[in-house]
2 protein chains.
Amino acid sequence: MGQEKILDFVLDNLKKVFFPEEWIRLDLSVSKTELLAMLIVDRYGEVIMSQISDYLNAPLSTTTGLVNRLVKNGYLQRERSEEDRRIVTIQLTDKGKTMMRELKATIESYLERFNALLSAEERQLLFKIIMKIVNELSRKDPDAENHEKQDHFLRKIPIE
Amino acid sequence: MGQEKILDFVLDNLKKVFFPEEWIRLDLSVSKTELLAMLIVDRYGEVIMSQISDYLNAPLSTTTGLVNRLVKNGYLQRERSEEDRRIVTIQLTDKGKTMMRELKATIESYLERFNALLSAEERQLLFKIIMKIVNELSRKDPDAENHEKQDHFLRKIPIE
DNA sequence: CAAAATACTTCGCATAAGGTACTATTCGTC
DNA sequence: GACGAATAGTACCTTATGCGAAGTATTTTG
């Protein structure tokens, strides 16, 4: 397949790239952004509003609205911190925890489906290639530096 | 890397999956949906409103608003068909064509960057793997059948 | 030729996202 | 320990997007 055909292939599949939620069958009751917010809460157990904002690269005003919705719909709960009363901490409710469990189960079933398609060598090489590409992409990312300076958190998961 | 670590890796990168436009540096002056509309116009040269609606899986009322914006901003032009005066045909303006050219150039430069990272064998195997995964994903897609029955268009690009 | 179907548009509403201004609390420093 | 600056959030308002329902114009069909 030549370079031009690859370009055509990419263009024909740009919709899938732009709207992955349509082909990844995660029939979600929350929006993509809401899911990401819940994800970060799930991964840290408890977060503060600013951490969600940082993670989403969104202003606090946006996060307030987002969390309002998730609280109203029973996925998150707010709590005013006692040590620093400016701070509001956010946790998952039981309903929220259940949803995250289901999300993980869905993703795992996808991973298994893909794994089944590939041989051990293919799997390994694919992993290597993905890492190369991820590194290449983050290398030229100007956010990389800006972001490091004043982070509320950001944990790096060491791979391999 | 074990299955669980892969899950963590996926979860940690879910944001990149959900919002690819943030790491694909396509500083766009139009929204994702608008870009997709322009893409389909570009690929067919001239389309009708219903074709855009079909492609976007959106009702015509949505498409009208979308095209209004793109016309107002000078990317598209409307024309009433003479053969069937109910039909409105859409084309790219020069400004729209320029934007699409730039989009393609950007994507090509990404492809080249990735290509440079991979050996010939890696490239080939990656292609094979992508095809396997794309096939697997589309295999279980219920839309696949529904869509075929009454399409305004939909061209399949034969790969390889 | 009248009724149905097609291709769109208009209008009004709902939601999401973000900017600006505001409140409450804590920190810094004198 | 008091007062201004900084921090953490919220409230309010505006804009953009998306869609349903109803309406218009044109073509098809029986």
Looking at this structure, is B:TYR110 within 11 Å of chain A (Cβ to nearest Cβ), of a type outside the set (Lys, Arg) and away from DNA strand C (no atom under 15 Å from the Cβ)? yes
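Considering only residues that are within 12 Å of DNA strand D (Cβ to nearest atom) and open to solvent by 20 Å² or more (accessible area, probe 1.4 Å), which ones fall in the stretch A:56-65?
Answer for the stretch A:56-65, where residues must be within 12 Å of DNA strand D (Cβ to nearest atom) and open to solvent by 20 Å² or more (accessible area, probe 1.4 Å): A:ALA58, A:PRO59, A:LEU60, A:SER61, A:THR62, A:THR64, A:GLY65.
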For the stretch B:45-62, which positions are within 14 Å of the chain's Cα centre (by Cα), free of Cβ contacts under 8 Å to residues at least 12 places away in the same chain and either more than 12 Å from chain A (Cβ to nearest Cβ) or within 9 Å of DNA strand C (Cβ to nearest atom) (or both)? B:SER53
Of (1) loosely packed, with under 14 Cβ neighbours inside 10 Å; (2) away from chain A (no Cβ under 14 Å), B:GLU22 satisfies all except one. Which? (2)
Scanning the stretch A:77-97 residue by residue, the ones that are more than 16 Å from DNA strand C (Cβ to nearest atom) and either in a loop (DSSP other than H, G, I, E, B) or in contact with a Ser or Thr (Cβ under 6 Å, 6 or more places away or on another chain) (or both) total 2
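Can you tell me which residue among A:ASN73, A:ASN68 is more than 15 Å from DNA strand D (Cβ to nearest atom), over 25 Å from B:PHE9 (Cβ atoms) and either of a type in the set (Phe, Trp, Tyr) or open to solvent by 60 Å² or more (accessible area, probe 1.4 Å) (or both)?
Just a single option satisfies the conditions, and that option is A:ASN73.
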For residues that are under 13 Å from B:ILE129 (Cα atoms) and either at the interface with chain B (Cβ under 7 Å from one of its Cβ atoms) or in contact with a Pro (Cβ under 8 Å, 6 or more places away or on another chain) (or both), tally how many sit in the stretch A:114-138. 8
Give the residues of the stretch A:19-40 that are of a type in the set (Ser, Thr, Tyr) and touching a helix residue (DSSP H, G or I) at 6+ places or on another chain (Cβ under 7 Å), sorted by residue number. A:THR33
Can you pull out the residues in the stretch B:18-75 that are closer than 30 Å to A:SER138 by Cα, modelled with pLDDT of 95 or more and among the acidic types (Asp, Glu)? B:GLU34
Only one of B:LYS5, B:LYS16 that is under 30 Å from B:GLU108 (Cβ atoms), outside any loop (DSSP other than H, G, I, E, B) and over 16 Å from the mean Cα position of the chain (by Cα): B:LYS16
Quickly run through the stretch A:25-44 and pick out the residues that are outside any helix (DSSP H, G or I) and either facing chain B (nearest Cβ under 9 Å) or within 15 Å of the chain's Cα centre (by Cα) (or both). A:ARG25, A:LEU26, A:LEU28, A:VAL30, A:SER31
The stretch B:86-113 residues that are farther than 17 Å from B:LEU26 by Cα, paired with ones that are polar (S, T, N, Q) and open to solvent by less than 20 Å² (accessible area, probe 1.4 Å) (beta carbon under 6 Å, 6 or more apart): B:ILE87/B:SER81; B:THR89/B:SER81
Please state which one of A:ASP8, A:ASP42 is farther than 17 Å from B:PHE18 by Cα, in contact with a strand residue (DSSP E or B) (Cβ under 9 Å, 6 or more places away or on another chain) and charged (D, E, K, R). A:ASP42
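Restricting attention to the stretch A:1-27, which residues are in contact with a Leu (Cβ under 8 Å, 6 or more places away or on another chain) and in contact (Cβ under 8 Å) with a residue 40 or more places away in the chain?
A:LEU26
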Which is within 12 Å of DNA strand C (Cβ to nearest atom) and not acidic (Asp, Glu), of B:GLY65, B:GLY74? B:GLY65
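The values are calculated or read from the model by the stated rules, or taken from the named source; none is laboratory data. Since the structure is predicted, the reported quantities are computational estimates derived from the model, not experimental observations. When we count neighbours, we look across all protein chains shown, and the Cβ atoms used for this are built from the backbone with ideal geometry, even at glycine. Note: accessible area is taken over every heavy atom of the protein model, side chains too, but ligands, DNA and RNA are not part of it. Shrake-Rupley method; radii C 1.70, N 1.55, O 1.52, S 1.80 Å.
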